[in-house]
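Throughout, read-outs are computed from the coordinates displayed, never taken from laboratory work. Not measured: the values here are computed from a predicted model. With ideal geometry, Cβ positions are generated from the backbone for all residues, glycine too; neighbour counts draw on all protein chains shown.
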Amino acid sequence: MLADDVVVVAEFRDRIYPGLVETGRVERGGDKPFHTVVNAENYHALEMLTYTHRHSIDAIYIDPPYNTGARDWKYDNDYVASDDDYRHSKWLAFMERRLKICRELMRSDATLVATIDEHEVNRLGVLLDQLFPESTRQLVTIVNNPKGVTQGYLSRVEEYAFFVFGPDARIGSVDDDLLTHRDMADAEGELQRPRWKGLLRSGDDSLRADRKDMFYPVWFDESTGRLSHAGEALPLDETPDFSPQDGLTPIWPIRRDMKEGPTRAAPRRSILDYALHPHL
């Protein structure tokens, strides 16, 4: 090739801007908001978005390699094995570069969610604290295999998700009170049921006598199929009355074994409020 055939697209040290080429589209929503799928190496895709979406993303979900030693991800174009002395350092460097770009994309009220398992959960937590010092970080447990997966001496049933809330992020309420029966089917086609069990206190202090002010009825309106309100706490020496009143039916916190147990919220903050805002 002759020197005259070389086309100069950028001088040395000039910035080269990435671009996207559309390969196809599926249109089904009319004028509704649309989704864009970027098929690229994730680092380059994130870097490209900084030119178009810097400080404008309100939610980011990442599911990175868990670094289990199974040689399922590469660093410097080579798989990282379980016997690599720098395995954890390589993983942290890999994650840090991508999380720094995520930070540039996020709005001040954005939320970042990162899933992980026990292999790197502690290191990822420290890295997130370092990169997002102004944000609030919370770790939640996700039960993804109730049967358990053998890890070392014990079997585990869970993985984890870090939630990183920006300094201006707020948790909004939802219209599902977890109690009212809804006409919708779950993934297996079965009708979903109200999750009463999760609203009863378990473990220590799980009997009525343990929390005297937290045994009260929730009144149900059969004509509308909705819960009306929470009643007053019943004194310990009185027996629950199941008789309807003013067209409403009382629902008492009684388990299947007929043991009377307290709810997770006192009457002044009804069980309905607890179902909607358990974090308050």
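Of note:
- The label point for VAL149 and the one for GLU96, both projected 7 Å from the Cα toward the Cβ, are 2.7 nm apart.
- Note on VAL157 and PHE34: the extension gain reaches 40.7 nm, defined as 0.36 nm multiplied by sequence separation minus the Cα-Cα distance.
- With each label modelled as a point 7 angstrom along the Cα→C-beta vector, the ILE142-ARG25 pair spans 3.1 nm.
- Cα Rg, Dmax, region 35-165, angstrom units: 15.6, 48
- Spin-label model, GLU134/ASP109: points 7 Å from Cα along the beta carbon direction are separated by 1.6 nm.
- Near the amide H of SER228, within less than 5 Å, lie the amide hydrogens of TRP219, PHE220, ASP221, all on another chain or at least 5 residues away, with H placed in the peptide plane.
- With contacts taken as Cα pairs under 8 Å and at least 6 residues apart, region 49-133 reaches a relative contact order of 44 percent.
- Order of VAL26, VAL164, VAL38 - criterion: other Cβ atoms within 10 Å of each residue's Cβ, fewest first: VAL26, VAL38, VAL164
- Candidate lysines for bridging to LYS259, where Cα separation is under 24 Å - those fewer than 8 sequence places away on the same chain excluded: LYS197, LYS212
- Per-pair calculated FRET efficiency, R0 = 35 Å: ASP85 and SER202 via Cβ, rounded to 0.05: 0.20
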